[in-house]
Amino acid sequence: MKNKTQTLSLLFFLLFQFLCFNHVHSWKKEEFRTCHQTPFCKRARSRTSSTSTPLIATDVTISDGNLIAKLVAKSKQEETQQNTNPLLLSLSVYQNGVVRVTIDEDRSLNPPKSRFHVPDVVVSEFQSTKLWLQRVTQETLDGDDSPSSVVYVSDGFDAVLRHDPFEVFVRDKSNGNTRVVSMNSHGLFDFEQLKGKGECDDWEESFRSHHDKRPYGPQSISFDVTFHGADFVYGIPEHATGLALKPTKGPGVEESEPYRLFNLDVFEYIHDSPFGLYGSVPFMLSHGKQRGSSGFFWLNAAEMQIDVLGSGWDAENGISKLPKNRVDTLWMSEAGVVDAFFFVGPTPKDVLKQYTSVTGMPAMPQLFSTAYHQCRWNYKDEEDVEHVDSKFDEFDIPYDVLWLDIVHTDGKKYFTWDNVLFPNPEEMQRKIAVKGRHMVTIVDPHIKCDNSFPLHKEATEKGYYVKDCNGNDYDGWCWPGSSSYLNMLSPGVGLGGVISSLIRIMLVQLLHSIYGTT
């Protein structure tokens, strides 16, 4: 008995060592840039309230049901030094406690190009819930020399545009006008404006083999967001860490990297790390015993880095001994515009309702898709598929879906079958289906660059691929090798266009299987 116990202990020890060894060596850290290696993140993280350019809100008015203002540098000297133009701010209010704030360059001042606005995320029904603001009241906040603009949000809540210094926040009137969520409370707002390139300007950036020419200069945006009365914040998926987001900067904080929102296929990730994985959703929810819950969503598709600032942090010296009953965060994006949504809560359920009123409710999954899926890379042929399926029956393990990865395709051309390894795909699927199971064949967004592949040929001829900065079809290296990516925002690449192309491909394959020729 003693020998058996020792043997088991040794096996567990060896297994532990093997897993640790593989874990350490599988993480290719050098392939992913850190905040320090990312210029916009490095700049934003180094700013303090004294080094940021202070902005004030001017020319405040009501237009088309929105509160409109210009954001300008506090002094002409600062404006000249930073070579900046006024920014346009629009604040709008919607039913059920949602406030939307957009900040962009003034198009009437002819910037060299338009900044990117994310389309097709805000559902059309949301626009119908807009409250058309009729008036704005002026109120001088405690400690201010000039008045601020206040508009109605819902029973018990106001939205405040503080003029000098610029700040936007939602406050709870029923609780002594306490702040709920605020932007730029610490004066860290920064908006890098597009520019025409001069002879001495060198904006190009490189990391490993990747190079960005940046013809219009840096265009990052950063600002602080504070969740008042909060003890914890959650959200901004996807990261391999705990539900409550740990601080990433501040006194006593060991982790020095912000949470990164940048979609990556990284199966070799580090556990309990702020490193970004497969999804990016810039939505954060707070909760605390004192106030309840509130939320914040930044509609922005660029790479984003977000710091959760630890207790004792302040915007000037980095460390303060003053206690706080809030959670401060710093949001940093490489490009885009400010299109931010404040959710007043006050319960987690309320915040999620307010958030989904903007983006829409998630689609209900099909019943078969909610159970166990058997998926791995890869099943080598039809015999292998049948063997795996039979083993589930043999050991009485239920499953609903079996996935095939790219080996089932003809030379990694999606929507095709390898006629040698998978000569009878219809029969293979029928054997699975008679047991009440489903089969899914993987389809990635890249298309193999092969002129013998009809889908690639048609996409090239009709200009359906995403273009690079020179107007050529973007060529990236993925599983099939040289690959291009369909521009899913193009009308010709919509569902109808894809279905038409697939029908043609299937007809070609059918003719080839019958006559041995196309």
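Can you tell which of Phe342, Phe368, Phe275 is of a type in the set (Phe, Trp, Tyr) and under 30 Å from His438 (Cβ atoms)?
Within the list Phe342, Phe368, Phe275, the selection yields Phe368.
In the range 453-486, what count of residues is obtained for those that are over 24 Å from His408 (Cα atoms), of a type in the set (Ser, Thr, Tyr) and either open to solvent by less than 50 Å² (accessible area, probe 1.4 Å) or part of a loop (DSSP other than H, G, I, E, B) (or both)?
Result for the range 453-486: 3.
Does His271 meet the test of being under 30 Å from Phe169 (Cα atoms) and either touching a residue at least 12 places away in the same chain (Cβ under 8 Å) or among the hydrophobic types (A, V, I, L, M, F, W, C) (or both)?
So His271 does not fit the description; no.
For Val420, indicate whether it is out of contact with any Lys or Arg (no Cβ under 6 Å at 6 or more places or on another chain) and under 27 Å from Ser369 (Cα atoms).
no
Test of understanding: among Arg179, Arg115, which residue is among the basic types (Lys, Arg) and farther than 22 Å from Pro39 by Cα?
Arg179
Given the criterion in contact with a Pro (Cβ under 9 Å, 6 or more places away or on another chain), in a loop (DSSP other than H, G, I, E, B), closer than 29 Å to Glu386 by Cα and not β-branched (Val, Ile, Thr), identify the matching residue among Asp418, Asp450, Asp444.
Exactly one residue qualifies, and that residue is Asp444.
Please enumerate the residues belonging to the range 96-151 that are among the aromatic types (Phe, Trp, Tyr) and in contact with a Phe, Trp or Tyr (Cβ under 8 Å, 6 or more places away or on another chain).
Correct list: Phe126 only.
Output the number of residues of the range 101-133 satisfying the condition of being in a helix (DSSP H, G or I) and surrounded by 16 or more Cβ atoms within 10 Å (Cβ to Cβ).
Final tally of qualifying residues: 1.
Return the pairs, sorted by first residue and then second, in which the second residue is among the polar types (S, T, N, Q) and in a strand (DSSP E or B), the first residue lies in the range 231-257 and is within 19 Å of Arg326 (Cβ to Cβ), the beta carbons are less than 8 Å apart, and the residues are 6+ apart or on different chains.
Phe232/Ser286; Val233/Ser286; Val233/Thr329; Tyr234/Ser286
Got a sec? Which of Glu254, Glu199, Glu205, Glu238 is farther than 30 Å from Glu30 by Cα and acidic (Asp, Glu)?
From the options Glu254, Glu199, Glu205, Glu238, the qualifying one is Glu199.
Given the structure, is Asp190 open to solvent by 10 Å² or more (accessible area, probe 1.4 Å) and modelled with pLDDT under 95?
Taking the combined requirement at face value, the residue does not satisfy it.
Report yes if some residue within the range 252-259 is of a type outside the set (A, V, I, L, M, F, W, C), surrounded by 21 or more Cβ atoms within 10 Å (Cβ to Cβ), modelled with pLDDT of 95 or more and in contact with a strand residue (DSSP E or B) (Cβ under 8 Å, 6 or more places away or on another chain); otherwise report no.
yes
How many residues are of a type in the set (Phe, Trp, Tyr), in contact (Cβ under 8 Å) with a residue 60 or more places away in the chain and either open to solvent by 60 Å² or more (accessible area, probe 1.4 Å) or assigned to a helix (DSSP H, G or I) (or both) if we restrict to the range 339-383?
Qualifying residue count for the region: 2.
Determine the pairs where a residue that is farther than 19 Å from Leu87 by Cα and free of Cβ contacts under 8 Å to residues at least 24 places away in the same chain, located within the range 36-59, has a partner that is open to solvent by 40 Å² or more (accessible area, probe 1.4 Å) and basic (Lys, Arg) with Cβ atoms under 9 Å apart, the partner being 6 or more residues away or on another chain.
The qualifying pairs are His36/Lys42; His36/Arg45.
Select the strands (runs of 3 or more DSSP E) contained entirely in the range 228-337, then report the ones holding at least 2 residues which are under 20 Å from Thr38 (Cβ atoms).
Answer list for the range 228-337: 259-261, 304-309, 326-333.
Scan the range 384-415 residue by residue and report those that are under 22 Å from Pro445 (Cα atoms), in a helix (DSSP H, G or I) and touching a residue at least 40 places away in the same chain (Cβ under 8 Å).
Ile406
Being more than 21 Å from the chain's Cα centre (by Cα) and open to solvent by 50 Å² or more (accessible area, probe 1.4 Å) narrows it down to one residue among Arg208, Arg214; which is it?
Arg208
Residues Glu31, Glu78: which one is within 30 Å of His210 (Cα to Cα), acidic (Asp, Glu) and modelled with pLDDT under 90?
Glu31
Step by step: first the residues of the range 226-246, then only those that are open to solvent by 50 Å² or more (accessible area, probe 1.4 Å) and under 20 Å from Glu303 (Cα atoms), then the one that is modelled with the highest pLDDT. Which residue is that?
Here the residue is Tyr234.
Going through the range 27-52 one residue at a time, which ones are in contact with a strand residue (DSSP E or B) (Cβ under 7 Å, 6 or more places away or on another chain) and open to solvent by 80 Å² or more (accessible area, probe 1.4 Å)?
Gln37
What are the residue pairs meeting all of these: first residue in the range 202-224, first residue of a type in the set (Lys, Arg), second residue assigned to a loop (DSSP other than H, G, I, E, B), Cβ atoms under 8 Å, and 6 or more apart or on different chains?
Short answer, once both residue conditions are applied: Lys213/Trp203; Lys213/Glu204; Lys213/Cys469; Arg214/Trp203; Arg214/Glu204.
The values are calculated or read from the model by the stated rules, or taken from the named source; none is laboratory data. None of these values were measured; they are calculated from a predicted model. When we count neighbours, we look across all protein chains shown, and the Cβ atoms used for this are built from the backbone with ideal geometry, even at glycine. With ligands, DNA and RNA removed, areas are computed over all heavy atoms of the protein, side chains included. Shrake-Rupley method; radii C 1.70, N 1.55, O 1.52, S 1.80 Å.
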